[in-house]
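Novice: My questions all concern the structure below.
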Amino acid sequence: METEKTQINTFMGRVKTKVVDIRKEVMAGLHGKMLLGAGAVFMAAVVAAGGLAFSGEDHSALAASFSDGMKAAVSETESCWALQINGANVAYVASEADGKAVLDAITARYQTEGSELKSVVYQESVEIAECSFDKEEMPEVMSVEDAASYVLTGTKETLTYTVQEGDTYWDIACGNGILLDELMAMNPEADFDTLKVGTVLNLYQTKPFLHVTITEVVASTENIDYDITYEETKALYKGETQIKTAGVYGTKELKTEYVKTNGVAVSQNVVEETVISQPVSQVILTGTAVQTFTGSSQFGSPLASLQVSSAYGTRGGGTHRGVDLRAPKGTTISAMASGTVTYAGYSGTFGNIVKISHGSGWETWYAHCDTMSVSAGDYVTKGQKIGTVGMTGRATGYHLHLEVHKNGVLQNPMKYL
């Protein structure tokens, strides 16, 4: 019995050793991550395989074959790297380096070109972690660019619209099947008071997974305004001006610190200002000499093109006090000669009318104006804009009603045009 017991113990000892050896051979041939991917099923198989050793035979070749087979099975798992935001896997990339590149690309979206980046703070917790999946369950691995867009907008495909000539925000919203309020929410940085051709508008609701606050210092160059001073001279008539010394802008360099969250500035502060050049004041000469009007030969045309729609004289049984000159709405009306504005305002059937006294008893009237550019008391020079053609007052179409007076007596304007 003692001999038999010794044999059994010896046998059991040999079996136990063989089981341990098989496990070691299989385990040692597999990478730690492969073991993790294989899971409990694989571990059970290894333990079961160890039972083959109880036959008492040498199964080293079997162990090696089994190890190779399990390696092939476990190799069906694949690994990638996840960008984790607040503990959730948001996007997958091919490598840890790509994960870091995604974060760099996100920062670059919001950083001003050429600025000095002071800090980057994520409002959410962010990690780059390695993950393993069965080959058939492997998630989509994104490019760096797609992953950055997805993290920032919640979508990989960013639909946009470029503003064209004649567009309105209402038309753009209706044309894309969204409400105007939705379009405004999609473009928080857009100026909805003005619409510029070439502006690129988002046509999707931005739902960023990550909120990034950056602090940057931006260098810029700005002009310093010059002063304007005036000098009177008798060499010019009253109302005339002439530049004696041209003004020159000064320049200064600024360094401004901006704090921006997802591209929207929340604060800014000039941290450094250096004057590069001082401005030079502009000097303007203003005339004081009084021009004496010596005769009707000094009159010029009130319009660039003259088309008579109703002549001076008798019309419809009455007297037409002046001449009607047809012109499109908004056409510039010029003073026929230098003088002082005696009236500029609305006057019954004349509508908006400008009256100018030229001295020596001469006066010109300009009626039915759409707009007026002068006021009573202004001194105007020959050819200066005083208003635009309209049809205010009693008028059947756009035209200028022109009258010329000499010592209070009406004259035929055609004699002076």
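Novice: Residues to consider are LEU285, LEU254, LEU210, LEU236; find the one that is touching a residue at least 60 places away in the same chain (Cβ under 8 Å) and of a type in the set (A, V, I, L, M).
Specialist: Working: LEU285 fails: touching a residue at least 60 places away in the same chain (Cβ under 8 Å); LEU254 fails: touching a residue at least 60 places away in the same chain (Cβ under 8 Å); LEU236 fails: touching a residue at least 60 places away in the same chain (Cβ under 8 Å).
Sole residue among the options that is touching a residue at least 60 places away in the same chain (Cβ under 8 Å) and of a type in the set (A, V, I, L, M): LEU210.
Novice: In segment 396-413, which residues are polar (S, T, N, Q) and part of a strand (DSSP E or B)?
Specialist: Residues of segment 396-413 polar (S, T, N, Q): 396, 407, 411-412.
Listed by number, the list holds a single entry, GLN411.
Novice: Restricting attention to segment 201-246, report how many residues are outside any loop (DSSP other than H, G, I, E, B), surrounded by 15 or more Cβ atoms within 10 Å (Cβ to Cβ) and small (Gly, Ala, Ser).
Specialist: Counting residues in segment 201-246 that are outside any loop (DSSP other than H, G, I, E, B), surrounded by 15 or more Cβ atoms within 10 Å (Cβ to Cβ) and small (Gly, Ala, Ser) gives 0.
Matching residues to (1) in a loop (DSSP other than H, G, I, E, B); (2) open to solvent by 50 Å² or more (accessible area, probe 1.4 Å); (3) modelled with pLDDT of 95 or more:
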{"residue": "ALA337", "(1), (2), (3)": "yes, no, no"}
{"residue": "THR340", "(1), (2), (3)": "no, yes, no"}
{"residue": "ILE356", "(1), (2), (3)": "no, no, yes"}
{"residue": "TYR366", "(1), (2), (3)": "no, no, yes"}
{"residue": "THR371", "(1), (2), (3)": "no, yes, yes"}
{"residue": "ILE386", "(1), (2), (3)": "no, no, yes"}
{"residue": "ARG394", "(1), (2), (3)": "yes, yes, no"}
{"residue": "LYS415", "(1), (2), (3)": "no, yes, no"}
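Novice: Still on this structure: So which residues in segment 307-335 are open to solvent by 80 Å² or more (accessible area, probe 1.4 Å) and either under 48 Å from the mean Cα position of the chain (by Cα) or under 18 Å from SER375 (Cβ atoms) (or both), if there are any at all?
Specialist: GLN307, ARG326, PRO328, LYS329
Novice: So, of the residues in segment 165-187 that are in contact with a strand residue (DSSP E or B) (Cβ under 8 Å, 6 or more places away or on another chain) and in contact (Cβ under 8 Å) with a residue 24 or more places away in the chain, which turns out to be surrounded by the most Cβ atoms within 10 Å (Cβ to Cβ)?
Specialist: Per the criteria, the residue is ILE172.
Novice: Condition check: surrounded by fewer than 13 Cβ atoms within 10 Å (Cβ to Cβ), of a type in the set (S, T, N, Q) and touching a strand residue (DSSP E or B) at 6+ places or on another chain (Cβ under 8 Å). Does SER119 satisfy that? Can you show your working first?
Specialist: Working: surrounded by fewer than 13 Cβ atoms within 10 Å (Cβ to Cβ): yes; of a type in the set (S, T, N, Q): yes; touching a strand residue (DSSP E or B) at 6+ places or on another chain (Cβ under 8 Å): yes.
Answer is yes for this residue.
Novice: Go through segment 351-380 and count every residue that is within 48 Å of the chain's Cα centre (by Cα) and either of a type in the set (Phe, Trp, Tyr) or over 20 Å from VAL323 (Cα atoms) (or both).
Specialist: Residues that pass the stated criteria total 9.
Novice: Looking at SER296, SER281, can you tell me which residue is of a type in the set (Gly, Ala, Ser) and at pLDDT 85 or above?
Specialist: SER281
Novice: Now a separate question. When the residues of segment 121-178 are narrowed to those that are among the aromatic types (Phe, Trp, Tyr) and under 17 Å from GLN84 (Cβ atoms), which ends up nearest to the chain's Cα centre (by Cα)?
Specialist: Residues of segment 121-178 among the aromatic types (Phe, Trp, Tyr): 122, 133, 150, 161, 169-170.
Among the residues that remain, those that are also under 17 Å from GLN84 (Cβ atoms) are: 122, 133, 150.
On the way: TYR122: 24, PHE133: 42, TYR150: 20 Å.
Once the filter is applied, the top-ranked residue is TYR150.
Novice: Name the single residue that is surrounded by the most Cβ atoms within 10 Å (Cβ to Cβ) among those in segment 100-116 being assigned to a helix (DSSP H, G or I) and either free of Cβ contacts under 8 Å to residues at least 40 places away in the same chain or aromatic (Phe, Trp, Tyr) (or both). Steps first, answer last, please.
Specialist: Of the residues in segment 100-116, the ones assigned to a helix (DSSP H, G or I) are 100-110.
Now restrict to residues that are either free of Cβ contacts under 8 Å to residues at least 40 places away in the same chain or aromatic (Phe, Trp, Tyr) (or both): 100, 103-104, 108, 110.
On the way: LYS100: 15, LEU103: 20, ASP104: 13, ALA108: 11, TYR110: 18.
Restricting to residues being assigned to a helix (DSSP H, G or I) and either free of Cβ contacts under 8 Å to residues at least 40 places away in the same chain or aromatic (Phe, Trp, Tyr) (or both), the top hit is LEU103.
Novice: ASN352 versus (1) touching a helix residue (DSSP H, G or I) at 6+ places or on another chain (Cβ under 6 Å); (2) modelled with pLDDT of 95 or more; (3) among the polar types (S, T, N, Q): which is the lone unmet condition?
Specialist: (1)
Novice: Now, a different point. Can SER301 be described as part of a loop (DSSP other than H, G, I, E, B) and of a type outside the set (Phe, Trp, Tyr)?
Specialist: Answer is yes for this residue.
Novice: If only one of ALA82, ALA129 is surrounded by fewer than 17 Cβ atoms within 10 Å (Cβ to Cβ) and either assigned to a strand (DSSP E or B) or in contact with a Cys (Cβ under 9 Å, 6 or more places away or on another chain) (or both), which one is it? Outline the logic, then answer.
Specialist: Details: ALA82 fails: surrounded by fewer than 17 Cβ atoms within 10 Å (Cβ to Cβ).
It is ALA129.
Novice: Within segment 139-164, track down each residue that is assigned to a loop (DSSP other than H, G, I, E, B), hydrophobic (A, V, I, L, M, F, W, C) and open to solvent by less than 50 Å² (accessible area, probe 1.4 Å).
Specialist: Keep residues of segment 139-164 that are assigned to a loop (DSSP other than H, G, I, E, B), which gives 139-143, 154-159, 163-164.
Next, from what is left, pick out any that are hydrophobic (A, V, I, L, M, F, W, C): 141-142, 159, 163.
Hits for segment 139-164 are MET142, VAL163.
Novice: Considering segment 247-296 alone, what residues qualify as being open to solvent by less than 70 Å² (accessible area, probe 1.4 Å) and within 22 Å of ILE214 (Cβ to Cβ)?
Specialist: The answer is LEU254, THR256, GLU257, TYR258, VAL259, LYS260, THR261, ASN262, GLY263, VAL264, ALA265, SER267.
Novice: Still on this model: List the number of the failed condition for ILE276; all other conditions in (1) closer than 30 Å to ASP225 by Cα; (2) in contact with a Ser or Thr (Cβ under 6 Å, 6 or more places away or on another chain); (3) not in a strand (DSSP E or B) hold.
Specialist: The single condition ILE276 does not satisfy is (3).
Novice: Please verify whether SER309 is in contact with an Asp or Glu (Cβ under 6 Å, 6 or more places away or on another chain) and farther than 30 Å from ALA108 by Cβ, treating the condition exactly as stated. Don't jump to the end; show me each part of the working.
Specialist: Working: in contact with an Asp or Glu (Cβ under 6 Å, 6 or more places away or on another chain): yes; farther than 30 Å from ALA108 by Cβ: yes.
So SER309 passes the test.
The values are calculated or read from the model by the stated rules, or taken from the named source; none is laboratory data. Since this is a predicted model, take the numbers as computed values, not measurements. Because the Cβ atoms are built from the backbone with ideal geometry, glycine has one as well, and the counts that use them run over all protein chains shown. What goes into the accessible areas is simple: the full protein's heavy atoms, side chains included, and nothing from ligands, DNA or RNA. Shrake-Rupley method; radii C 1.70, N 1.55, O 1.52, S 1.80 Å.
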